[in-house]
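Computed from the coordinates by the stated procedures, all read-outs in this text should not be read as laboratory data. For clarity, every value in this text was computed on a predicted model and none was experimentally measured.
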Amino acid sequence: MSIETTTTETTTTQTTTTAATKRSTDELRHSVVEFLMAVIGAPDDEEIARTADDAVRVLDARLSEERQG
């Protein structure tokens with residue numbers, strides 16, 4: 001994997017995470033379900049898996065904030 005590829009993946013992940021943070025909790029829940037369905041449909045696609053992982057982490061952080069909030 002080249003540095004350029006890693007940088008692109010990192011930027012994509014950061015953009016996805018930033019966009020997901022701005023969404024409502026319900027929208028995040030729905031997007032997590034969609035990402036997990038995509039992982040099921042393409043289990044060998046690492047980019048989809050990373051994006052799904054990011055969405056789960058954002059939702060987890062949001063739910064933690066709401067419980068504490």
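At-a-glance table
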{"quantity": "Scattering profile of the range 23-69 at q = 0.15 Å⁻¹ [log10 I(q)/I(0), Debye over alpha-carbon scatterers]", "calculated": "-0.39"}
{"quantity": "Contour excess over end-to-end distance, with Cα ends at Asp53 and Arg23 and 0.36 nm allotted per residue", "calculated": "9.2 nm"}
{"quantity": "5 angstrom amide H check on Arg23, placed H, neighbours 5+ away", "calculated": "none"}
